[in-house]
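Worksheet for the structure shown next.
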Amino acid sequence: MRQTVRLALSASIVCCLLPAPMWGAVQQVSRGAVADTTYGCLICHAEKRRTFSLGIHSEYGIRCHDCHGGDATSYEREQAHRGRFIGTPGKLATIELCSSCHADANMMRQYGLPAGQLAEFRTSRHGELLLERRDLNAPTCTDCHDAHTILPPEDARSNVYPTNIPATCARCHDDAQLMQRYGIPTDQFAEYRSSAHGVAVFEKSNFAAPTCMGCHGSHAALPPGVTEVVNVCDHCHVLIGRAFLQGPHNEPSQNGVLAGCLGCHSNHGTERVPTDAIASVCANCHDPGSRAGLLGVDLQESLVEAAADLASAERAIASLTVGGKQVSDERFRYQTALTQYRQMGLALHSLDLDFLDELARSVRSNTELVRTTAEVRAERRWEHKLLLVPVWFLALSAFVFAWFKLRDLAGRDDTS
């Protein structure tokens, strides 16, 4: 009893001596970080405790001494740091400390979390540099996840939230001085932001699009090998991947002669090849006069013509709409043609010209129906306008006749 009163009195004195902002920080804790007068870490480390309380660990009752050791019930620095006190762990010690829980499958099972991050990290380029070569420039757990404010991936404040992942990676990979040591370029982040993937993530909030870890992995981060590129892209682009496997580029890709998708697309830029530039892309590897080069020209012509057919059908629907006509059937045919055009984009990866031409004919057939409907209705509008000519002539004639008649009657009244 006397010991409890003494502890309470000591805590009250300490709190009175603390500046108001610091005492406010002590009070701002989450439900998992309950402030009590027997927790000595708060006296010196109130700010760290506050930031820790914002994270997911504090919600499950984890406290300072669970990671740092020491005696949290003591108010004296020397006594508080006695025992298994490790203070601020280094990069290697951090991995050991985090994996003491996160590599324990029995412990992680209850939270629905994987327990293989350490094993994955050992296979990564980062893990190789840090664990095998003792290169302290390589990242450890807290370089990506923070040390105290550890947030789940679905939290928008988290370093590993989809829109934040590229910036997290860029902390190191945009550092020209650091990357120069490893011969790694530093333009990946800028390229990614303007790429099809970057636009989908940042501008359209489409989190199905890949960030850095979508292609490189997270804990097992590695650039895909030459023979692995197609399989990596196939995670999302399933139908394109199947078409590629059926085409002539598959064999050189499997043999490591061609870097799969990167033969035509860049890695971080991931741009779409314009339909009018297909032949020039083919010419990067094939002689323009060769069989493969001429195939590229034929593929381009087929797609360009189909795109022109779609554009003309779209204009036809617009003209019908302006004319006040129902266009539900025409829109259905246009959508059918658009679907077939997109199938041409898939078929392009197999380089199957016959199938591509078959789809192009279907696109033309559907778009011609739309254009024909628009032309017929335009002719009818002109016919209606021509029919109105005699009507307007008769109306004008009647008006002129009435005017003369009224004038004549007015003249007779004046003479009488």
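Quick notes on this one:
- The residue pairs whose first member lies in the range 315-326 and is over 11 Å from residue 373 (Cβ atoms), whose second member is modelled with pLDDT of 90 or more and among the basic types (Lys, Arg), and whose beta carbons are closer than 9 Å, counting only pairs six or more residues apart or on different chains, are 315/371.
- Matching entry among 99, 124 (being surrounded by 13 or more Cβ atoms within 10 Å (Cβ to Cβ), polar (S, T, N, Q), under 31 Å from the mean Cα position of the chain (by Cα) and farther than 24 Å from residue 175 by Cβ): 99
- For the range 55-92, the candidate set comprises residues that are closer than 22 Å to residue 144 by Cα and among the hydrophobic types (A, V, I, L, M, F, W, C); within that set, the residue that is surrounded by the fewest Cβ atoms within 10 Å (Cβ to Cβ) is 92.
- Single match in 298, 234, 276 (criterion: closer than 22 Å to residue 356 by Cα and touching a Lys or Arg at 6+ places or on another chain (Cβ under 9 Å)): 234
- Against the criterion of being crowded, with 17+ Cβ neighbours inside 10 Å, in contact (Cβ under 8 Å) with a residue 40 or more places away in the chain and out of contact with any His (no Cβ under 7 Å at 6 or more places or on another chain), residue 353 does not qualify.
- When every residue of the range 132-147 is checked against the conditions, none turns out to be surrounded by 15 or more Cβ atoms within 10 Å (Cβ to Cβ) and touching a Phe, Trp or Tyr at 6+ places or on another chain (Cβ under 8 Å).
- Hey, residue 220 touching a residue at least 12 places away in the same chain (Cβ under 8 Å) and part of a loop (DSSP other than H, G, I, E, B) or not: yes
- The criterion of at least 2 residues that are under 24 Å from residue 134 (Cβ atoms) and of a type in the set (S, T, N, Q) is met by the following helices (runs of 4 or more DSSP H) wholly inside the range 61-107: 91-102.
The values are calculated or read from the model by the stated rules, or taken from the named source; none is laboratory data. Predicted model only: the values in this text are computed from it and were never measured. As a convention, Cβ positions derive from the backbone with ideal geometry for all residues, glycine included, and neighbour counts pool all protein chains shown.
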